[in-house]
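A short write-up of the structure that comes next.
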Amino acid sequence: AKWKHQYPDLIRVSTSQEEYGLAATGSKHECPFDTGHGCKNHFFTIQDFISHPEGSQSAASLPEILWIGSMHGNERLGPTVVMEAATLLLEAASCEAKPSLNARVWKDEVAEALSCRSELRARGVDETHRQWLARLVTTRRIVVVPNANSLGYYRNEHLEDVVDPAEDFPYNIDNSESCMRTVAARTLNEIFRTHMFQFTLLFKEGDNEIHYSWGSQAYLSPDDKAYGYLAESLSHVVGGDTMYPYGTGNSRTIDPTMSFQDWAYAASWERPRTVVCDPRSYGGYDEKKTSYLVETNRALAFTISSKHGTTLNGKQTDDIGDVFHAKDDADSGLAISRNMRLALVAADLAKPYISIFGINSVAISEDVVPSNEQAGNLCDTSRIVAVPGALDTVIVEWTVGGALDISQTDLWVARVQDIPDNSVCSMSLEDGFDIVKDVFKMNPSRPGKGKGFFSKSGPDPSPMESVSKPFSLLTANGSFSGTQTNAMGGLGKTSEGLEGVSGRNGKTGGKEEFNGSVNLLGPVFRTEIDLSDYDMGDRLILIASATVDQEWLESPEEYHQPIVDPQSHLVNMRTNPGHEYEISGKKVQGRLVWLSIPVTVVVDDVDKHAGGIELFKRLDESSGYAKPPVRPTTVRFGSDNDGSAPSKLLVILVSLVIAVTVFIMLGLLAFLVIVGLRRKQADLSTRDGIVMKSTRNYAKNDPSNSEGVIPDHIKDGRGGVSRAGNLSSIQEEDRDGLDGVANNAAGYESDPEIEPRDVVDFESLTVHSSYPAGCSGGVV
């Protein structure tokens, strides 16, 4: 209940009674901390529900991991391991999510971020491991069942009533009434029916061992290669194969208690050995629920057996920092820390990932930030770096995680304006890249292959070879200042010569190892981009790719049964593009090539000594932790911009709209001027016609004026018409007189004080009768 309120966006808590309608176990007086009668079977799901909302495409594609603390009620180590590991994940992810760019009060979020980072660091979780843990939360779905046998846990008994839950699964048994008798087994069955787990871990107490399928039959499994490589890796991260021997569950004898492990791996595809259950306990169980779809039970399932040693130098619990190094584990008995580390590494190996972390020797921000919308396509602008155009080359560094063997890795570069189609913005990164791959230039890495961080031999190339450093450690001339960075928690040689996760402060094997490189959990790959191929102002899209773990596809050298290709989701996800399944809103899709989240590089006029300057950093100490400006949300392809400035196409469209608008306005203005001139010309013609006709009538009606000459008393103040009657010679000042006369004529209808006795017919321009006093000659 506490976690539900403390981490509402990172966890969902439930019981199999609430979720699936299963019966509670025990009497009404048992498990009084549960509501209702009896004991309920609790489980919870860790998922970043902001980055991957329920029902979204990104949520459907999350790899799935299952941790089971125990099936036996009297075993306490496993439940403690998974609960402590979950706590660590939630604390790290919650802290790394701060400050949120959507925070209402930025200063408060910054203060909380600095405080929780300091607290985690004091407990042994440095920046590198905090970011790694946060990545696991945001890029995976982890289902945790602390103890499937809730009744046995309450009673501190091995069994659920009289049945061992670990032997209660319908694989390689003959009697249909001998499975699904316990609520513990039914709880796990219901969970499997709605998930497609890649990795499953079941913890138990006993000798230190790691077992995998087959356990209940005397053969190797089709996925034995992958099982072997992964078990070897898990063994080494917890202290070495001398401490945690590993092998198939049947390596010494057929073990019926391995039925859960084999069922989780093969019940959906090994049909001849899978039984439909018909138990009688708890009112029976629907037979359809043990008739499995082909999508479900294909997990690589491991049983982790461990001795319960929890004391060291008088302490009853391990330090959290002990999770991140394996030094002296063989002597210390740090069972909780050791198995926490194993569980976290298993979650990491559930899915490959590639991360670009350095540009021109400057470390850039993490590509995965919890509780934020995650980049999922080529149009992402979550990280933008300006590099000096005066340089000849740009050095790019990246790492590959979630894998043991890196077969090939490269860097792909394209100018933003060379990518023609914005439709890729609505596609997944992989689908979009496949469409426009031809415009990208491949830059091979040096070297082109290597080993993963959690491989037996450790990361290759070593993280210590990284040249990327935090920008704050660079001096004015670009050299390294010599200030120590945080610890690089990676696999290193312990004092005993075993491969293990290095300790805090970069200590491995009791020695201080430090070269000023950026903190990193993974091998380092590097290449250079020739800037002579690009112009100042160009925006470049950088994507790193990798192909991994192809040897897992090989069949075991020894006899295996059945004779089929590897069947697990984990193997096929990275080796078989045709492997595609979907169930309950979750999807598994195989691929050969994995891609990094893009980085945008801007070739700009910046100081070449800076190497590179990252824009829009979320938590930037050099700026006094000021809130960064709103970053562009997307790259617009077919343009010269990174989303922060208008594209050429947009500029052209806007310019065209403005030009058309101006043209229309000028045309309208010209039209109005022409219409006005024509109206004025028509008015003048009308007035002049009135004058001419009126004077002709006067001359015609005057018998004494035989030559038709206009008298002076007519022309004075009446129009200034020349003696020759030529209208073209009207003086400008006399036109004012005409205007005044015409206005008087118009005023007859509008001015009530003027009472015309007669009206001028403007069509015939004839006078019908006499004029008001003061008017003569028919001039109106």
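The table below lists the values:
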| item | result |
| --- | --- |
| Looking only at segment 144-185, and only at residues there that are open to solvent by 10 Å² or more (accessible area, probe 1.4 Å) and outside any loop (DSSP other than H, G, I, E, B), the one that is modelled with the lowest pLDDT | GLU167 |
| Conditions (1) open to solvent by less than 60 Å² (accessible area, probe 1.4 Å); (2) of a type in the set (Val, Ile, Thr); (3) farther than 30 Å from GLY206 by Cβ: number failed by VAL13 | (3) |
| Members of segment 33-63 that are closer than 30 Å to TYR154 by Cα and crowded, with 18+ Cβ neighbours inside 10 Å | ASP34, GLY38, CYS39, LYS40, ASN41, HIS42, PHE43, PHE44, ILE46, GLN47 |
| Evaluation of ILE395 against (1) hydrophobic (A, V, I, L, M, F, W, C); (2) surrounded by fewer than 20 Cβ atoms within 10 Å (Cβ to Cβ); (3) over 23 Å from ASP460 (Cα atoms) (one fails), failing number | (3) |
| Check on LEU391, of a type in the set (A, V, I, L, M, F, W, C), under 27 Å from ASP607 (Cα atoms) and touching a residue at least 24 places away in the same chain (Cβ under 8 Å) | yes |
| Residue in segment 264-282 that is small (Gly, Ala, Ser), over 41 Å from the mean Cα position of the chain (by Cα) and modelled with pLDDT under 95 present | no |
| Failed item in (1) open to solvent by 30 Å² or more (accessible area, probe 1.4 Å); (2) in a helix (DSSP H, G or I); (3) touching a Ser or Thr at 6+ places or on another chain (Cβ under 8 Å); (4) of a type outside the set (A, V, I, L, M, F, W, C), with GLU232 passing the rest | (3) |
| Residue under evaluation LYS107, criteria (1) open to solvent by 60 Å² or more (accessible area, probe 1.4 Å); (2) farther than 22 Å from GLY624 by Cα; (3) at pLDDT below 95, criterion not met | (2) |
| The listed residue being closer than 30 Å to PRO279 by Cβ and either among the β-branched types (Val, Ile, Thr) or surrounded by fewer than 16 Cβ atoms within 10 Å (Cβ to Cβ) (or both), out of GLU75, GLU30, GLU19 | GLU19 |
| Residues satisfying the stated conditions in segment 268-287, i.e. open to solvent by 40 Å² or more (accessible area, probe 1.4 Å), within 26 Å of GLU582 (Cβ to Cβ), in contact (Cβ under 8 Å) with a residue 60 or more places away in the chain and not in a loop (DSSP other than H, G, I, E, B) | ARG273 |
| Residue among ASP331, ASP322 that alone is part of a helix (DSSP H, G or I), farther than 30 Å from GLU614 by Cβ, open to solvent by less than 20 Å² (accessible area, probe 1.4 Å) and modelled with pLDDT under 90 | ASP322 |
| Qualifying positions in segment 191-222 - within 22 Å of VAL294 (Cα to Cα), open to solvent by less than 10 Å² (accessible area, probe 1.4 Å) and outside any loop (DSSP other than H, G, I, E, B) | ILE191, PHE192, PHE199, THR200, LEU201 |
| Number of the condition not met by ILE68 [criteria: (1) open to solvent by 10 Å² or more (accessible area, probe 1.4 Å); (2) touching a Ser or Thr at 6+ places or on another chain (Cβ under 9 Å); (3) modelled with pLDDT of 95 or more; (4) under 26 Å from PHE203 (Cβ atoms)] | (1) |
| Qualifying residue in segment 403-425 (condition: under 15 Å from ALA546 (Cα atoms), among the small types (Gly, Ala, Ser), over 22 Å from the mean Cα position of the chain (by Cα) and open to solvent by less than 30 Å² (accessible area, probe 1.4 Å)) | no |
| First in segment 358-384 and on the phi > 0 side of the Ramachandran plot, second anywhere and among the acidic types (Asp, Glu) and open to solvent by 10 Å² or more (accessible area, probe 1.4 Å), Cβ under 8 Å, 6 or more apart | SER371/ASP9 |
| Candidates THR485, THR494, THR527 - the one that is more than 30 Å from GLY624 (Cα to Cα), in contact with a Lys or Arg (Cβ under 9 Å, 6 or more places away or on another chain) and at pLDDT below 50 | THR494 |
| Residues located in segment 141-162, provided they are touching a residue at least 40 places away in the same chain (Cβ under 8 Å) and either aliphatic (A, V, I, L, M) or touching a helix residue (DSSP H, G or I) at 6+ places or on another chain (Cβ under 6 Å) (or both) | ILE142, VAL143, VAL144, VAL145, PRO146, ASN147, ALA148, ASN149, LEU151, LEU159, GLU160 |
| Members of segment 367-385 found to be modelled with pLDDT under 90 and either under 16 Å from LEU615 (Cβ atoms) or touching a strand residue (DSSP E or B) at 6+ places or on another chain (Cβ under 7 Å) (or both), listed by number | ALA375, LEU378, ASP380, THR381, SER382 |
| Within segment 114-129, considering residues that are open to solvent by less than 70 Å² (accessible area, probe 1.4 Å) and touching a helix residue (DSSP H, G or I) at 6+ places or on another chain (Cβ under 7 Å), the one farthest from SER365 (Cα to Cα) | GLY124 |
| Pair list, Cβ under 6 Å, 6 or more apart: segment 1-15 residue in contact (Cβ under 8 Å) with a residue 60 or more places away in the chain and among the aliphatic types (A, V, I, L, M), other residue assigned to a strand (DSSP E or B) and surrounded by 15 or more Cβ atoms within 10 Å (Cβ to Cβ) | ILE11/PHE44; ILE11/ILE46 |
| Pair list, Cβ under 6 Å, 6 or more apart: segment 166-195 residue at positive phi and touching a residue at least 12 places away in the same chain (Cβ under 8 Å), other residue hydrophobic (A, V, I, L, M, F, W, C) and buried (at least 21 other Cβ atoms within 10 Å of the Cβ) | MET180/CYS277 |
| Residues of segment 295-315 that turn out to be modelled with pLDDT of 95 or more and surrounded by fewer than 15 Cβ atoms within 10 Å (Cβ to Cβ), as a count | 0 |
| Single residue of segment 80-103 satisfying the filter (open to solvent by 10 Å² or more (accessible area, probe 1.4 Å) and within 27 Å of ALA335 (Cα to Cα)) that is nearest to the chain's Cα centre (by Cα) | SER94 |
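This table checks each residue for (1) under 23 Å from ALA59 (Cα atoms); (2) over 29 Å from the mean Cα position of the chain (by Cα); (3) open to solvent by 40 Å² or more (accessible area, probe 1.4 Å); (4) free of Cβ contacts under 8 Å to residues at least 24 places away in the same chain.
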site: PRO556; (1), (2), (3), (4): no, yes, no, no
site: TYR559; (1), (2), (3), (4): no, yes, yes, no
site: HIS569; (1), (2), (3), (4): yes, no, no, no
site: LYS587; (1), (2), (3), (4): yes, no, yes, no
site: TRP594; (1), (2), (3), (4): yes, no, no, no
site: VAL603; (1), (2), (3), (4): no, no, no, no
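The values are calculated or read from the model by the stated rules, or taken from the named source; none is laboratory data. Since this is a predicted model, take the numbers as computed values, not measurements. Reconstructed Cβ throughout: ideal geometry from the backbone, glycine too, with neighbour counts over all protein chains shown. Calculation scope for accessible area: heavy atoms of the full protein, side chains included, ligands and nucleic acids excluded. Shrake-Rupley method; radii C 1.70, N 1.55, O 1.52, S 1.80 Å.
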